[in-house]
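This report refers to the structure that appears directly beneath it.
The values are calculated or read from the model by the stated rules, or taken from the named source; none is laboratory data. Since the structure is predicted, the reported quantities are computational estimates derived from the model, not experimental observations. We place every Cβ from the backbone using ideal geometry, glycine too, and count neighbours over all the protein chains shown. Heavy atoms of the whole protein, side chains included, go into the accessibility calculation; ligands, DNA and RNA do not. Shrake-Rupley method; radii C 1.70, N 1.55, O 1.52, S 1.80 Å.
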Amino acid sequence: FPVTIGPNVTKIVAPSNSYEEYIVNRNAEIAMLKNNPNTVEYLTDFLNGTNADYFSTAKYTQRQVYYYGALVVEALRALKGPNAEMALLKSISEGKSFEDAFFSAYGEKWENAKLNLAAYVSNELMKP
């Protein structure tokens with residue numbers, strides 16, 4: 001299942017088989033990220049990343065890329081549902097830039113949305 005986590009990367013994520021499994025997995029993922037800075041600034045930097053940042057350098061571990069990306073996708077799905085995500089991917093496949101496709105799918109500019117997404121993810125990770 002492909003998900004786009006920023007203008008520079010689409011990642012494959014495997015869904016959970018039940019809501020209960022999803023919650024167990026989500027809690028484990030969050031626990032693994034607790035030792036990272038998890039500030040809005042850190043997560044905004046993450047959302048500004050490139051493929052090299054995500055996959056070729058040591059800037060982020062694969063675990064961070066997957067788990068932060070999953071939380072961003074969770075937030076986007078909560079806002080607009082899975083159809084917006086599919087519309088985003090379809091628009092990109094038809095040649096639109098990520099920024100234009102994101103605006104078409106979510107009705108918000110990526111530059112603004114990533115700050116809100118970083119704040120959401122930071123808030124989720126800062127919870128006790």
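Legend: translational diffusion of the chain by Stokes-Einstein, Rh = Kirkwood radius over C-alpha pairs, 37 °C, 0.692 mPa s; D = 220 µm²/s.
Within the full protein context, the accessible area of residue 100 is estimated at about 90 Å² for a probe radius of 1.4 Å. For the range 76-90 and the range 95-128, what is the centre-to-centre distance using only Cα atoms, to the nearest Å? Centre-to-centre (Cα) distance: 12 Å. Cross-link partners of residue 34 among lysines, defined as those whose alpha carbon lies under 23 angstrom from its own and excluding same-chain residues fewer than eight positions apart: 11, 59, 114, 127. Taken per residue, the accessible surface of the chain reaches 56 Å², heavy atoms only and a 1.4 Å probe. Of all accessible surface on the chain at a 1.4 Å probe, what whole percent is carbon and sulfur? Using a 1.4 Å probe with all protein chains present, the chain comes out at 55 percent carbon and sulfur. Loop-located trypsin sites (Lys or Arg not before Pro) in the range 46-128 (DSSP state other than H, G, I, E, B) with a sparse environment of at most 10 neighbouring Cβ atoms within 10 Å are absent. Extension gain for residue 32-residue 77 works out to 14.0 nm (0.36 nm per residue, less the C-alpha to C-alpha distance). The mean sequence separation of alpha-carbon pairs under 8 Å and at least six residues apart, normalised by the residue count of the chain, gives a relative contact order of 32 percent.
For the chain, the mean residue ellipticity at 222 nm estimated from helices alone is -20000 deg cm²/dmol, where every DSSP H run of n ≥ 4 contributes -39500 (n - 2.57) and the total is divided by all residues, rounded to the nearest 500.
Computed from backbone phi with θ = phi - 60° and the Karplus coefficients 6.51, -1.76 and 1.60, the 3J(HN,Hα) list for the range 105-119 is 7, 10, x, 9, 5, 4, 4, 7, 4, 5, 5, 5, 5, 4, 5 Hz; x is used for glycine and proline.
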